[in-house]
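Here the structure is laid out as structure tokens; the discussion comes afterwards.
The values are calculated or read from the model by the stated rules, or taken from the named source; none is laboratory data. Note that the coordinates shown come from a computational prediction; the quantities given were computed from them, not determined experimentally. Note that we place each Cβ from the backbone using ideal geometry, even for glycine, and neighbour counts take in every protein chain shown.
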Amino acid sequence: MMKRTKKLVVTATTSLALLAALGSGTLLATHAANDVSSVGQTAAPTTATTAGTKLTAASTSGTRQNYTVDYRGAGQSATFQKRTLGSAGTAADEVNYVGRGTQGSTVSLNHGTKAVVQGVMGHTYVHWNTGKWSVTAVTNNADQTGTPTQFAKQVNQQLTQQDLPSNATTGAVTVYSSTNDDAGGAQTNTVKWQSGKQLYTVSGQTAASTVKLAQNSDH
């Protein structure tokens, strides 16, 4: 009787160990399958070319729910990021969408677009809405390369040439005419959009390249 009891205990222990090993292996395999290591596993584009500058995906890290793709090219860098948040409302709040009720003087852009102009702390903000998207073009008042309206027209021209991601529930484009402000600090151009609980963010050094990366993403 004692021998049989020991045999049953040994058998049960062996079975539990086997199940634990199998379970651990399954968990590891599931975790590995959820990881991303190449841009092809994401919604991000492989390349983006605009104004003679080509950005190419250099590295990809994270999981299918939360990942980052880094881009390099011609002295520039950019990132494409996906984050999965707790709710669609939380993701939408992170977009920083600017509504149509913005106050300011009105200016006419190209393609029949009307925009609102505001001046704040040495910068001029030209804002307009198109579909699900808000667009804000920011110009440093010390920038002598062009006027705020000219820069806004350039941005609007690019936006009319190719659609932004169609899966966006809401989105916001914030771009700068200059890569640096008066104090020498870097300005970060961003395109953000929300789709369900997912928040997508493209960040780059130039307005045109940042917008192009978003336009080239997998809709």
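Select, from ARG83, ARG72, the only residue that is without any contact (Cβ under 8 Å) to a residue 40 or more places away in the chain, within 22 Å of THR188 (Cβ to Cβ) and in a strand (DSSP E or B). Can you show your working first?
On the way: ARG83 fails: without any contact (Cβ under 8 Å) to a residue 40 or more places away in the chain.
None of the other options fit; the residue is ARG72.
I'd like to know if segment 162-170 contains one or more residues that are assigned to a helix (DSSP H, G or I) and assigned by TED's automatic domain parsing to the domain that holds ALA43. First the steps, then the outcome.
Residues of segment 162-170 that are assigned to a helix (DSSP H, G or I), as a first pass: none.
The answer is no; no qualifying residue exists.
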Looking at the structure I just gave you, is GLN205 closer than 30 Å to GLY86 by Cα and within 21 Å of the chain's Cα centre (by Cα)?
yes
Residues of segment 44-69 that turn out to be buried (at least 18 other Cβ atoms within 10 Å of the Cβ) and not hydroxyl-bearing (Ser, Thr, Tyr), as a count:
7
What number goes with the only condition from (1) of a type in the set (A, V, I, L, M); (2) at pLDDT 95 or above; (3) part of a loop (DSSP other than H, G, I, E, B) that ALA183 does not pass?
(2)
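I'm trying to understand the selection: among the residues of segment 124-150, which are more than 24 Å from ALA92 (Cβ to Cβ), surrounded by 16 or more Cβ atoms within 10 Å (Cβ to Cβ) and free of Cβ contacts under 8 Å to residues at least 40 places away in the same chain?
In the first step, residues of segment 124-150 are kept if they are more than 24 Å from ALA92 (Cβ to Cβ); the result is 124, 139-150.
After this cut, where a residue has to be surrounded by 16 or more Cβ atoms within 10 Å (Cβ to Cβ) as well, the list is 124, 139-140, 143, 148-149.
Correct list: THR124, THR139, ASP143, PRO148.
Please go through segment 100-116 and pick out each residue that is closer than 23 Å to TRP193 by Cα and in contact with a helix residue (DSSP H, G or I) (Cβ under 7 Å, 6 or more places away or on another chain). I'd like the intermediate steps shown before the answer.
From segment 100-116, those closer than 23 Å to TRP193 by Cα are 100-102, 113-116; that's our starting set.
Hits for segment 100-116 are THR113, ALA115.
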